[in-house]
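To keep things clear, I will list the structure first and then write my remarks on it.
The values are calculated or read from the model by the stated rules, or taken from the named source; none is laboratory data. Computed from a predicted model, the values in this text were never measured in an experiment. With ideal geometry, Cβ positions are generated from the backbone for all residues, glycine too; neighbour counts draw on all protein chains shown. Ligands, DNA and RNA are excluded from the accessible area calculation, which covers all protein heavy atoms including side chains. Shrake-Rupley method; radii C 1.70, N 1.55, O 1.52, S 1.80 Å.
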Amino acid sequence: MTINGIIEIVFYCLIVLLLIKPLGLYMAKVFNKESTLLDPIFCPIEKIIYKLCSVNSREEQNWIKYTQALILFNFIGVVFLYIILRFQNLLPFNPCKCSAIPADLAFNIATSFASNTNWQTYAPEGIISYFTEMLGFTVQNFVSAGVGIAVVIAFTRAFAREQTENIGNFWVDLTRSILWILLPLSFILAMVFIFEGVPQNLNSPTQIITLEGKSQTILQGPVASRESIKELGTNGGGFFNANSAHPYENPTPFTNFLQLIAIFLIGAALTNTFGRMVKDERQGWVLFSAMAVLFLIGVIITYYFESIGNPLLKDLNINGNMEGKEVRFGLVDSILYAVVTTAASCGAVNSMHDSFQPIAGMIPLINIMLGEIIVGGVGVGLSGMFLFAIIGVFIAGLMVGRTPEYIGKKIETKEIKMSVLAVLILPLCVHCFTALACVTPFGVKGVLNSGPHGFTEIIYAFSSASGNNGSAFGGLNVNTFFYNLTTGLAMLVGRFLIIIPTLAIAGSLVRKKIVPPSNGTLPTTDLTFVFYLILVIITVGGLVYFPALSLGPIVEHFLMINGKAF
Amino acid sequence: MFNQFKTAILMTLVLTLITGLIYPLTMTLLARAIFPYQANGSLITHKNKIIGSKLISQDFTEAKYFHPRLSAVNHNADKSGGSNLGPTNKKLIGRIKSDWKKLKLENPSKSVPFDLITTSASGLDPHITPEAAVFQVPRIARLRKLKEEEILKLINRHIELKQLGILGEKRVNVLELNLALDKY
C-alpha cells in the first residue's frame, strides 16, 4: 500500500460523492417530468417514439401491467439478439467474416446481454461482427440499463405515492432513461475515450509487419461507442476478450479513471434521486452510506492482500502481484477496478481476477454474492438495497414488538415474503449450480487451476451469472454446452426472480397510506440505521456463503501461506 | 396483452435504430472527422509503412531491442487475455522462478523488475515500467555498441508520467522506445 495509492482512492471517492447530488437532482426531474436542459432536444424525439410505438404516455400502469411490459420487452430483446447472432454471417458490417454463432452459445449470449450480465463465455475477437456489436450488444447495453432504472423508479414511486394502484408507465420510464440519461452521458464519455485512444471505426483488420519482421493482425471496430455505455449501464461485456484491460478499450490511466466513475455514477446518484422523490434526501444518503462503508472495507482488504505479494515467491524478494495486470494501471487502479466492478454489477475487468491472491480475489466474489447492493447495477442494485432495508426494519420490528414501517409504509406479510424470496433466490441459485458443476465431469472439466482455486473458479462463475455481474475467474473454460446452458439459466433466474418480487412489493406498497412516524417507528435516517443495515446485509446476505467461501479462497489462503502449491 | 406485445416489438425496433445505428454511426463519423489518428487505432507509420499500433505490444525477442512483458497470447492482436493462472498454481510459480533466474543472469547487479516476469492482463500491454527498461540497458548497450548513459537518456525521454499527477503508473512504451533506438 502506498500513499499515492490511497490518495488516488480518496480522490476517486470524492469525485463520485460530488457528482451524486447534481445527477440525482437531474434524474429526479427527468422522472417527475419536470423541465430540464435537454428537453428541447429530446421532447420531440420522445413524442415521435410514443407515436411510432403506440404508447399513451399519460396512461399509467399497475404493477402487473408494468411487469408484463418489462418481461415482454426483455423477451423480444432476447429473441431479437438471438436471431442477429444466428444470422450475423448474412448481415452487413462484417469485415472480419464472422460466422453464425452456434445455438447454445447464442442462447447464452442473448440472455447474458438482455439481463445486463454481459457474461462472456467466448472470446469476441473474430467471432462477433460489427453488426452484432452495434445493433445487438450496444442496444442491449442501453435497454437493459434502462430497464434497471425503470425498476428502481417504479419502486421509488411506491413510497412517494399513496392509495393508488399505479407505479408509472414502463415505456415512458424506459424511453426517458435512455434519451435523457444514458445517451447524452455515453456520447460525451465516448468522445473523451476516442480522444484518449479508443478506436471508433468500421475498418477491417489491419495486417502489419512489425519492427522485427513478424506479422501481426490488429483488430479494431466501433469500440468507443460501446465502451461508454458498457460502463455507464454497468453492463461490462467487452469488445475484446481482455475487456477493459485491452489497450484499445482502456488505453490510459485517465480513461480507466473515467470508467471507474462511470460504473458508479448512475447507481450512486439514484440513491439521491430516490431520496428526492420520497421527499427526504436523508433516506437516500443512509442507503448510500451503508454502501460506502461496505465498499471501503472491500477496497482496503483487496489492496492489502494484493500489495503483500505471493508468499510462494518470497525468496525472490518481490512485492505486489503483477500477474494479470497492466503496467499503466499498476496495483491500485487494478484492485480499485476489481472492487468497483463487482460492487456495481458491472463485470468489466482491467485485470485478471483469477490471478489475484486468494483473499484479494474473494472480495470481488463477496461483493457479487451480497447481491451487488454496494451501489449495484444501475437501478437493480438499489432495489436490492431496499429489500435489505425492508428485511432490516422487519427484524427490528420483531425485536421491539411493533409493526415495522419503512419511509411511512407499513411492512406486512406480503412485502416480507417477497423480499425474502428475492434475497434467497441468489444463494440458492449459486449453491445448486455450483454443486451440480462440482459433481459432474463436464463441470469439472472446465477448470484451469487445480486445488481450492478451481472450486473458486466454479463458484465465481455461478455467482457472477446469477448476480448478473459478468466478470469471471477467466481460467474456467465455460464455452461448453453445460456451462452455456447453466449460466444462461442462472442469469435469467438472477434477473427476473429478483425484479418480479421487487415490483410486486412496489405494487403492494403503493396502495398503502403513508403513516407519520410514531414512537415505535425505527428511524431510518440516522447513523444507527446505517450500521444496523450493514449488519443485516452481512448476516442475512453474507453468512449463507461462508461455508462455500471457506472451501475456496479461505482454505487456499492458509495453504498458500504454508507453502503449498497445486 | 396484445397491445403490449405490439409495443414491445415496435419499441425494440425504434430503440435499436436510435442506440444501435444512429448513435454508433454518428460517433464513427465524428471520430473520423475530429480525431482521425486515435479513431483508427493509433497506428504508427515508419518508412511509409504501418509498422504497428502505439497501443498494441509487439513480440520483440531480438536481443538488440527492449523486450515487452510476457503475453499469454504471444502478442497476437487478433486475440487478447491473461494467463489466468492462480496464485497457488505450480505452473505460475515455476514459470516466474525460472524467468527470474534467467534475467538475474543477464543483469546480476539489479533486482529483477516484477513486470518482466509476469504476464499482462491483456496480453498486449504496450508498456513496461521504467525500471524494467533500465534493467535491459546493459544488454542493449553491449549489442548496439552504445554508451549506457545514452540509452538511459533515451529511456528518460520516453517515460510517460502519471496522469493528473496521481492516476496510473509511470511507464515506457516499448515500441516507441525501440523505434527511437533504431533511429539513434
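Descriptive notes on the structure:
- Residues (in a helix (DSSP H, G or I) and either surrounded by fewer than 24 Cβ atoms within 10 Å (Cβ to Cβ) or away from chain B (no Cβ under 14 Å) (or both)) located in region A:157-173: A:Arg157, A:Ala158, A:Phe159, A:Ala160, A:Val172
- Single unsatisfied condition, A:Ala472 versus (1) farther than 23 Å from A:Ala360 by Cβ; (2) outside any helix (DSSP H, G or I): (1)
- Failed item in (1) buried (at least 24 other Cβ atoms within 10 Å of the Cβ); (2) more than 22 Å from the chain's Cα centre (by Cα); (3) of a type in the set (Lys, Arg), with A:Arg276 passing the rest: (1)
- Residue tally, condition within 7 Å of chain B (Cβ to nearest Cβ) and over 21 Å from A:Pro44 (Cβ atoms), over region A:174-195: 3
- Of all residues assigned to region A:509-518, at least one qualifies as being more than 14 Å from chain B (Cβ to nearest Cβ), crowded, with 24+ Cβ neighbours inside 10 Å and farther than 22 Å from A:Cys429 by Cβ.
- Screening A:Tyr12 against (1) within 30 Å of A:Leu492 (Cβ to Cβ); (2) hydroxyl-bearing (Ser, Thr, Tyr); (3) crowded, with 18+ Cβ neighbours inside 10 Å leaves a single unmet condition, (1).
- Scanning region A:195-206 for residues that are open to solvent by less than 20 Å² (accessible area, probe 1.4 Å) and either in a helix (DSSP H, G or I) or of a type in the set (Asp, Glu) (or both) yields a count of 0.
- Candidates B:Val134, B:Val174: the one that is more than 30 Å from A:Gly474 (Cα to Cα) and assigned by TED's automatic domain parsing to the domain that holds B:Asp59 is B:Val134.
- The residues listed here are A:Ala145, A:Ala150, A:Ala114, A:Ala103; of these, the one that is touching a residue at least 12 places away in the same chain (Cβ under 8 Å) and open to solvent by 10 Å² or more (accessible area, probe 1.4 Å) is A:Ala103.
- Restricting region A:207-237 to residues that are part of a loop (DSSP other than H, G, I, E, B) and more than 9 Å from every other protein chain (Cβ to nearest Cβ), the residue that is most open to solvent (accessible area, probe 1.4 Å): A:Gly213
- Residue, nearest to B:Leu10 (Cα to Cα), within region A:67-76, restricted to residues that are at the interface with chain B (Cβ under 10 Å from one of its Cβ atoms) and out of contact with any Ser or Thr (no Cβ under 6 Å at 6 or more places or on another chain): A:Phe73
- Sole residue being under 28 Å from A:Tyr122 (Cα atoms) and in contact (Cβ under 8 Å) with a residue 60 or more places away in the chain, chosen from A:Arg328, A:Arg276: A:Arg328
- Near pairs, Cβ below 7 angstrom, 6+ apart or cross-chain, from region A:17-36 (part of a helix (DSSP H, G or I)) to any residue that is of a type in the set (Ser, Thr, Tyr): A:Gly24/A:Thr273; A:Tyr26/A:Thr36; A:Met27/A:Thr273; A:Ala28/A:Thr273; A:Lys29/A:Thr36; A:Val30/A:Thr36
- Of all residues in region A:322-355, those satisfying the criterion of being of a type outside the set (A, V, I, L, M), more than 11 Å from A:Ser471 (Cα to Cα) and at the interface with chain B (Cβ under 7 Å from one of its Cβ atoms) are A:Glu323, A:Gly324, A:Lys325, A:Glu326, A:Arg328, A:Phe329, A:Gly330, A:Asp333, A:Ser355.
- Under the condition of being in a loop (DSSP other than H, G, I, E, B) and within 7 Å of chain A (Cβ to nearest Cβ), the residues counted in region B:91-111 number 1.
- For A:Ile505, the criteria (1) away from chain B (no Cβ under 14 Å); (2) in a helix (DSSP H, G or I); (3) surrounded by fewer than 24 Cβ atoms within 10 Å (Cβ to Cβ); (4) modelled with pLDDT of 95 or more hold in every case but one, which is (3).
- B:Leu175 vs. criteria buried (at least 21 other Cβ atoms within 10 Å of the Cβ), out of contact with any His (no Cβ under 9 Å at 6 or more places or on another chain), at the interface with another protein chain (Cβ under 10 Å from one of its Cβ atoms) and part of a helix (DSSP H, G or I): yes
- Test: residue in region A:249-267 that is at the interface with chain B (Cβ under 7 Å from one of its Cβ atoms), assigned to a loop (DSSP other than H, G, I, E, B), under 24 Å from B:His46 (Cα atoms) and open to solvent by 10 Å² or more (accessible area, probe 1.4 Å): yes
- Within region A:39-55, residues that are within 10 Å of chain B (Cβ to nearest Cβ) sit with their Cβ atoms under 6 Å from residues that are open to solvent by 30 Å² or more (accessible area, probe 1.4 Å), at 6+ positions apart or across chains, in these pairs: A:Tyr50/A:Ser57; A:Cys53/B:Leu10.
- Matching helices (runs of 4 or more DSSP H) fully within region B:1-59 where at least 2 residues are more than 7 Å from chain A (Cβ to nearest Cβ), of a type outside the set (Ser, Thr, Tyr) and open to solvent by less than 60 Å² (accessible area, probe 1.4 Å): B:23-34
- When we screen B:Thr88, B:Thr129 for residues that are of a type in the set (Val, Ile, Thr), open to solvent by less than 20 Å² (accessible area, probe 1.4 Å) and within 10 Å of another protein chain (Cβ to nearest Cβ), the only hit is B:Thr88.
- Annotation note: of A:Ile335, A:Ile318, A:Ile266, the sole residue that is modelled with pLDDT of 95 or more, within 30 Å of B:Asn173 (Cα to Cα) and not acidic (Asp, Glu) is A:Ile335.
- Tally, over region B:60-77, of residues that are in contact with a helix residue (DSSP H, G or I) (Cβ under 9 Å, 6 or more places away or on another chain) and either outside any loop (DSSP other than H, G, I, E, B) or more than 9 Å from chain A (Cβ to nearest Cβ) (or both): 6
- Checked against (1) facing chain A (nearest Cβ under 9 Å); (2) free of Cβ contacts under 8 Å to residues at least 12 places away in the same chain; (3) under 28 Å from A:Gln216 (Cα atoms), B:Ala141 passes all but condition (1).
- Some residue of region A:176-194 being outside any helix (DSSP H, G or I) and open to solvent by 10 Å² or more (accessible area, probe 1.4 Å): no
- Meets criteria (modelled with pLDDT of 90 or more, open to solvent by 10 Å² or more (accessible area, probe 1.4 Å) and not in a helix (DSSP H, G or I)) for A:Asn477: yes
- Among the criteria (1) in a helix (DSSP H, G or I); (2) under 20 Å from the mean Cα position of the chain (by Cα); (3) buried (at least 24 other Cβ atoms within 10 Å of the Cβ), the one A:Phe496 does not fulfil is (3).
- Number of the exception - B:Ser80 against (1) within 7 Å of chain A (Cβ to nearest Cβ); (2) without any contact (Cβ under 8 Å) to a residue 24 or more places away in the chain; (3) of a type in the set (Ser, Thr, Tyr): (2)
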